[in-house]
Amino acid sequence: MFDFVKSTVGRKYIMGISGLVWMGFVLSHMAGNMLILVSPDLYNAYGHAIVSNKPLLYGAESVLVLALIVHVTTAISLTIENRKAKGSRYAVSASGEKASTLASRTMGMQGSVVLAFIILHLATFKYGTHYDTVVNGVQMRDLHRLIGEVFQQPGYVLWYVVALILLMFHLSHGASSIFQSFGFLERKMQKGLRKFAWTYAIIVVAGFLSQPAYVYLLRGK
């Protein structure tokens, strides 16, 4: 078992599983955040319900942190191993079906930006300014007000959009790679699975982008 985990194939499986954990999280997180388009009270009540369930919150956070650490460290080890195996770049680049895509060649850069985005996102919203509000007689954090303030900052909105565009490419290529690692990417399934990966990535990113669009463009200053 340990030898399999140390092997290239085993690490690709581990990287795929940890990636799936985060794929599920970002989809559910995006869906929950869409409540901001419905009403401030509903959005704040949703956030309060999450932080109020301490066992569930701490358990989910532990799984996510572990999956992130495993995903990043495994990606680094596989990248180093791959570069050592190649030795040096080929004199002639591959073309046609064997050519690597821009998304695949820049996965490391994308991942670094996404990691920085996650850290900044946590610092801004989870540990940011705390406003209070009352919804149905219950005092809770006013996340809607905080988001309204943050997404009125052009610099933050620009960074948010750039990071999410890179996230879209990272998710789409990552989803396809997961299927390939699990042995699902047969030739007859390639187009369908890649369409699914792109559809998933576009839905997630479009959902997240709707929030600054709502705050910055529709609500006005």
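The values are calculated or read from the model by the stated rules, or taken from the named source; none is laboratory data. Please read all numbers here as calculations on a predicted model, not as lab measurements. Cβ: placed from backbone, ideal geometry, glycine included. Neighbour counts: every protein chain shown.
The one condition from (1) small (Gly, Ala, Ser); (2) surrounded by fewer than 13 Cβ atoms within 10 Å (Cβ to Cβ); (3) under 22 Å from residue 51 (Cβ atoms); (4) under 22 Å from the mean Cα position of the chain (by Cα) that residue 137 does not meet is (4). Filtered by the rule that a residue be surrounded by fewer than 14 Cβ atoms within 10 Å (Cβ to Cβ) and either in contact with a helix residue (DSSP H, G or I) (Cβ under 9 Å, 6 or more places away or on another chain) or assigned to a helix (DSSP H, G or I) (or both), the range 43-59 gives 49, 50, 51, 52, 54, 55, 56, 57, 58, 59. What are the pairs with Cβ atoms under 9 angstrom where one residue, in the range 148-168, is in contact (Cβ under 8 Å) with a residue 12 or more places away in the chain and over 25 Å from residue 40 (Cα atoms) and the other, located anywhere, is part of a loop (DSSP other than H, G, I, E, B) and among the polar types (S, T, N, Q)? Sequence gap at least six, or different chains. Every condition considered, the pairs that remain are 166/106.
Checking each residue of the range 164-180 against the condition of being at pLDDT 85 or above and under 27 Å from residue 48 (Cβ atoms) gives at least one match.
Polar (S, T, N, Q), part of a helix (DSSP H, G or I) and either exposed (fewer than 12 other Cβ atoms within 10 Å of the Cβ) or modelled with pLDDT of 90 or more (or both), is that true of residue 104? When the stated conditions are applied, residue 104 does not pass them. None of 156, 131 is of a type in the set (Ser, Thr, Tyr), over 19 Å from residue 216 (Cα atoms) and more than 15 Å from the chain's Cα centre (by Cα) except 131.
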